[in-house]
Amino acid sequence: MSYLIGNILTAYFVGKIYGVNLQEERSKNLGARNAGSVIGKGAFIWTFLGDSLKGVLVVGLGYMWHLDEWVIIGGAAWVIIGHLFPIWLKLNGGKGVATFIGVGLALSPSLFLWMIIGTVLLSAFTRSLTLGMVGGFIFYLGAIIQTGKIESYGLLIVAIVCMLIKHMSNIQESLKRGT
């Protein structure tokens, strides 16, 4: 169910409303950043909210149904994977950041705080939000290890690795620019 919820890519529908196929524009990515770049700030906001709220929805339902923590975390990972690789779009979705933000905040705000700290610190040092995000993920993974819940978070770690792979061209570009 979580994977199918992840398949709902807000940018696809926002693009349809504006008469734009975002899969043919700029980065060809169905995420908030591309929607904002191509259509404008409103498209960014709607896409970001829609994609992050589906992460919150999956985690919230897991808590509401009193599922075990590892099941909720697994559902959180699957909603991200569904966003990255939607079956109905030939596995060509977004990059998962907004969905991860919703998931991270809903799962554990205190763990997600480490994501924010790592992102801010590395972004300030590198002057690149993309590289800052990598730092955020490193801090987030460190916080998971610190809690001793690495097994429970295993599938979410796999989803994070998938997100980083989807961002590889952005990461390489930022490293090449030296920012």
**Message:** Rolling a 1.4 Å sphere over the protein heavy atoms, what is the accessible area per residue of the chain, to the nearest Å²?
**Reply:** 53 Å²
**Prompt:** For the peptides 91-100, 23-32, 47-56, 75-84, what is the packing order when you average, over each peptide's residues, the other Cβ atoms within 10 Å and list the highest mean first?
**Reply:** 75-84, 91-100, 47-56, 23-32
**Message:** Along each principal axis of its Cα atoms, how long is the chain end to end? Whole angstroms, biggest number first, please.
**Reply:** 45, 40, 26
**Message:** Helix-only mean residue ellipticity at 222 nm, the chain, DSSP H runs n ≥ 4 weighted -39,500 (n - 2.57), per residue, nearest 500. What is it?
**Reply:** -23500 deg cm²/dmol
**Request:** First check a/c for the stretch 91-142, with a ≥ b ≥ c the square roots of the eigenvalues of its C-alpha gyration tensor; if it is under 1.5, answer rounded, and if not, answer prolate when a/b is larger than b/c or oblate otherwise.
**Result:** oblate
**Prompt:** Counting only protein heavy atoms and using a 1.4 Å probe, what share of the accessible area of the stretch 104-179 belongs to carbon plus sulfur, as a whole percent?
**Reply:** 70 percent
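The values are calculated or read from the model by the stated rules, or taken from the named source; none is laboratory data. Because the structure is a prediction, the values reported are computed rather than measured. As a convention, Cβ positions derive from the backbone with ideal geometry for all residues, glycine included, and neighbour counts pool all protein chains shown. Calculation scope for accessible area: heavy atoms of the full protein, side chains included, ligands and nucleic acids excluded. Shrake-Rupley method; radii C 1.70, N 1.55, O 1.52, S 1.80 Å.
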